Amino acid sequence: MAATLLDEIGELVTCRGDGPVGVAPLADAAVVVEDGMVAWIGPAAQAPPCDVRMPLAGRAVIPGFVDSHSHLVFAGDRAAEFAARMAGEAYDGGGIATTVAATRAASVDALRGLLATRVAELRAQGTTTIEIKSGYGLDIDTEARMLRLAAEVTTETTYLGGHVVPAEYARERAAYVKLVCGPMLAACAPHARWVDVFCEPGSAHAFDGDEARAILTAGMAAGLRPRVHGGQLAPGPGVRLAVELGAASVDHCTFLTAADVDALAGSTTVATLLPGVEFSTRSPYPDARRLLDAGVTVALATDCNPGTCFSSSMPLMIALAVREMGMTVAEALWAATRGGAAALERDDIGRIEVGARADLAVLDAPSHLHLAYRPGVPIARALDVEAQMGWRS
């Protein structure tokens, strides 16, 4: 395959090391990409001969963003719900039923078209790996359909039959949990890598600790790796359940007890923070500084979904993390790349290093600092170095 030289890079951020130290930028650097992989990194003056040269005119190059939490397969619109929240209405998860009805009614072709549009939107903002959950079907056929569609664009697919209890099972919660752990799981597991559950006992729509444990352990028995929605609306059992089961990630972590933080610090479970949700629900932001200072691995993701955060912008998540959550720009960038990779148990993405995938993003700016310095400005985009490098991650 042809070797491509990327040079005239204003700043190269590799995220090769752990934490903010790994974000230390390199000046006068160049990168060689071959067959979709990083083949060489070093001083531009020492770059080897290549078939193709791609000068970047002083732009910064960073790892492509790893968005480890999204809900991209859905139909319908919940803008009115957002407007109501901005007017003071509280969020409790009940609006998911609106999306379930629209998604069940949508055709496969309609859902595929909506998904393709959203994936293109993500990529145009620098995201190169995306995790996609089901959870807007809540019946066997629609959940399986969602996962088959998600698998067309990513290998990081998550079975989320345990999103909320659908209206038709409101008086039969135990029967719905049995469905999620049985026939629905059997239909969905062949199309998923992960199993997830919305563990939030304070919500009438989500699942308590015992129900969440049953769903996760059933998924694990079917060969799926666990991840958890926990601590979004109030402190609860989600974080410690995730740690106990060795989950790759527990997501939201808005409300944490001291015991939750200690449990995360003593584990390999990543705390994935989703600041777009707090922005879109007027909720308190997670305390990222508290987690980082305790030694917890932190990731940032969008949670792009129609109800609580209809944003696909990882740069916005970085800006919010810096402005509202006590993170430095370097910490936020690491969390949006290497942190997201850790949340997906991947070591081939989220960094620029020889032997890693050449999933790169370029900034229309000289420095990664502009990701927070210029919030809302579309300066990041995925860099397609070679024609054979498609979206699939």
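The values are calculated or read from the model by the stated rules, or taken from the named source; none is laboratory data. Model, not experiment: these values are computed from the prediction. Because the Cβ atoms are built from the backbone with ideal geometry, glycine has one as well, and the counts that use them run over all protein chains shown. Ligands, DNA and RNA are excluded from the accessible area calculation, which covers all protein heavy atoms including side chains. Shrake-Rupley method; radii C 1.70, N 1.55, O 1.52, S 1.80 Å.
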Averaged per residue, the 1.4 Å probe accessible area of the chain, protein heavy atoms only, in Å², is roughly 36 Å²
Counting only residues 5 or more places away or on other chains, whose amide H sits under 5 Å from the amide H of A30 once H atoms are built in the peptide plane? G42, A44
Nearest 10 degrees is fine. How inclined is helix 209-221 to the longest principal axis of the chain, computing both from alpha carbons? 60 degrees
Relative contact order computed over segment 245-357 (Cα-Cα under 8 Å; 6+ residues apart), in percent: 24 percent
Taking the 0 to 90 degree range and rounding to the nearest ten, how far is the long axis of helix 314-324 tilted relative to the main principal axis of the chain, both from C-alpha atoms? 80 degrees
In order over segment 8-16: 3J(HN,Hα) from phi, Karplus 6.51/-1.76/1.60, θ = phi - 60°, whole Hz, x for each Gly or Pro, gives 6, 7, x, 7, 10, 10, 8, 6, 6
Work out how much length A83 to E121 would gain on full extension: take 0.36 nm times their residue separation and subtract the Cα-Cα distance, in nm to one decimal. 11.4 nm
Cα Rg, Dmax, segment 21-72, angstrom units: 14.0, 44
Based on the mean of other Cβ atoms within 10 Å per residue, sort peptides 282-295, 156-169, 252-265, 349-362 so the most packed one is first. 156-169, 349-362, 252-265, 282-295
Between M37 and residues 5 or more places away or on another chain, which pairs have amide H atoms under 5 Å apart, with H built 1.01 Å from N, and which residues are they? A358
Just grab the label-to-label distance for A175 and M220, each label 7 Å out from Cα along the Cβ direction, in nm (one decimal). 2.9 nm
Simple Cβ-charge dipole of segment 322-375, Lys/Arg +1 and Asp/Glu -1, about Cα centre, in debye nearest 20: 140 debye
One finds, for D384 and V354 with R0 = 30 angstrom and r their Cβ-Cβ distance, a FRET efficiency to the nearest 0.05 of 0.90
In segment 135-232, carbon and sulfur make up what percent of the accessible area (probe 1.4 Å)? 54 percent
Estimated distance in nm for a label pair at R112 and T155, the labels positioned 7 Å out from Cα along Cα-to-Cβ: 2.3 nm
Folded to 0 to 90 degrees: helix 140-151 orientation relative to the chain principal axis, Cα: 0 degrees
Relative contact order (%) - the chain, alpha-carbon pairs under 8 angstrom, separation at least six: 21 percent
Using the basic label-point model (7 angstrom from Cα toward the beta carbon), what is the E345 to A105 distance in nanometres? 3.9 nm
Correct option for mean projected area of the Cα convex hull in nm² [calculated from the coordinates] among [x] 19.2; [y] 23.7; [z] 17.8: [z]
Per the 1.4 Å probe, what fraction of the accessible area of segment 253-303, in percent, lies on carbon and sulfur atoms? 51 percent
Give me a comma-separated list of calculated 3J(HN,Hα) values for segment 255-263, in order, Karplus coefficients 6.51, -1.76, 1.60 applied at θ = phi - 60°, integers in Hz, x for any Gly or Pro. 10, 10, 8, 4, 5, 4, 5, 4, 5
Taking 0.36 nm per intervening residue step and subtracting the Cα-Cα distance, what contour gain separates A258 from R374 on full extension? 38.3 nm
